[in-house]
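Worksheet: the structure to be examined is printed underneath.
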Amino acid sequence: MPDTPALEVKDVHRRYHLAGHELHVLKGISLRVEPGEKVFLCGASGSGKTTLLYILGGLERPTEGDVYMSGQPMYAASKNKRAQMRNTGLGFVFQNYHLLPELTALENVMLPSLIKGKPTESRAKELLGRVGLGQRLDHLPTELSGGEQQRVALARSLINDPPILLADEPTGNLDAATGKQIMDLLFEIVSESKKTLVVVTHDATLAERGDRKLVIKQGQLEGGIDLGKS
Ligand SMILES: Nc1ncnc2c1ncn2[C@@H]1O[C@H](COP(=O)(O)OP(=O)(O)O)[C@@H](O)[C@H]1O
Ligand SMILES: [Mg+2]
């Protein structure tokens, strides 16, 4: 018997309504990601990668279908329950870092632990050290380069030690060398703590590093329904 998937998507659709016109972005996506698996999600710009990742992360409700985190439905759950699942179950790295501009690096990293009700400054400092920013704790985002801001965002995604990490084009705004450093760091951290990873990228060569590559095209996964490895 296979384990309960870390994440399972069952027949998810997402439609947007714009000025009386319907945009059917996700057309029946089903997939499962096993615990500890590293999956890349690829596809052309506008194909729905970000939409699907936000849905996976409990950040955007699908029009139809649901996402199961360790067997628990996210969208059938109450808003509070979903927020709790998000806060303890997964870390999210956004393409544009999404750091709060008025908070220091240390405060940004601590924020999800404050929300959880267990502020942990020592772990935040340790994580910033781990991503090479131990000397930049008191710096504001504007005082950091893009690569450094993404390192802060990576440390922040790990503060509550979530079993799952989701990253949306984490190297998309960085030059190739800095992007590779971030991706190496991400893989190192995920591998040593055996986390489940889903990374969105439009870079096909990056995607070869994962256990599995999913390609989204015209609202569907190429090759049909993905049922995971087992
Ligand atoms: N909030 C929204 N309202 C309307 N259309 C949206 C919204 N979010 C995304 N879209 C549309 O959905 C499609 C997929 O977007 P997205 O998931 O961002 O693609 P990708 O990340 O693959 O580039 C695009 O055509 C985009 O314009
Ligand atoms: Mg996107």
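The values are calculated or read from the model by the stated rules, or taken from the named source; none is laboratory data. What you are looking at is a predicted structure, and each value in this text was computed from that prediction instead of being measured. So basically every Cβ, Gly included, is an ideal-geometry build from the backbone, and we count neighbours across all protein chains shown. Each accessible area value is taken on the protein alone, full model and side chains, heavy atoms only, with ligands, DNA and RNA left out. Shrake-Rupley method; radii C 1.70, N 1.55, O 1.52, S 1.80 Å.
Based on this model, can you work out whether Gly65 counts as open to solvent by 30 Å² or more (accessible area, probe 1.4 Å) and at pLDDT 95 or above? Here the answer is yes, as Gly65 does meet what is asked.
Tell me yes or no: at least one residue of region 148-158 is more than 16 Å from ligand 1 (Cβ to nearest atom), assigned to a loop (DSSP other than H, G, I, E, B), touching a residue at least 40 places away in the same chain (Cβ under 8 Å) and in contact with a Pro (Cβ under 9 Å, 6 or more places away or on another chain). Looking through region 148-158, none of the residues is more than 16 Å from ligand 1 (Cβ to nearest atom), assigned to a loop (DSSP other than H, G, I, E, B), touching a residue at least 40 places away in the same chain (Cβ under 8 Å) and in contact with a Pro (Cβ under 9 Å, 6 or more places away or on another chain).
The criterion of at least 1 residues that are touching a residue at least 12 places away in the same chain (Cβ under 8 Å) and of a type in the set (Val, Ile, Thr) is met, among helices (runs of 4 or more DSSP H) falling completely within region 78-132, by 79-89, 105-116. Residue check: Gly36 meets all listed conditions (1) assigned to a loop (DSSP other than H, G, I, E, B); (2) out of contact with any helix residue (DSSP H, G or I) (no Cβ under 8 Å at 6 or more places or on another chain); (3) open to solvent by 50 Å² or more (accessible area, probe 1.4 Å) but one, namely (3). The set of residues in region 46-82 that are of a type in the set (D, E, K, R) and either touching a Lys or Arg at 6+ places or on another chain (Cβ under 9 Å) or more than 16 Å from ligand 1 (Cβ to nearest atom) (or both) comprises Glu60, Arg61, Glu64, Asp66, Lys79, Lys81, Arg82. Considered as a group, the residues in region 14-26 that are buried (at least 16 other Cβ atoms within 10 Å of the Cβ) and either more than 8 Å from ligand 1 (Cβ to nearest atom) or not aliphatic (A, V, I, L, M) (or both) include one that is farthest from Ser45 (Cα to Cα), and that residue is Arg14. Here Leu41 clears all of (1) within 10 Å of ligand 1 (Cβ to nearest atom); (2) farther than 24 Å from Asp184 by Cβ except the condition numbered (2).
Among the residues in region 167-175, are any modelled with pLDDT of 95 or more and of a type in the set (Val, Ile, Thr)? Looking through region 167-175, none of the residues is modelled with pLDDT of 95 or more and of a type in the set (Val, Ile, Thr). Among the residues of region 59-77, the one identified as free of Cβ contacts under 8 Å to residues at least 40 places away in the same chain, in a strand (DSSP E or B) and in contact with a helix residue (DSSP H, G or I) (Cβ under 8 Å, 6 or more places away or on another chain) is Gln72.
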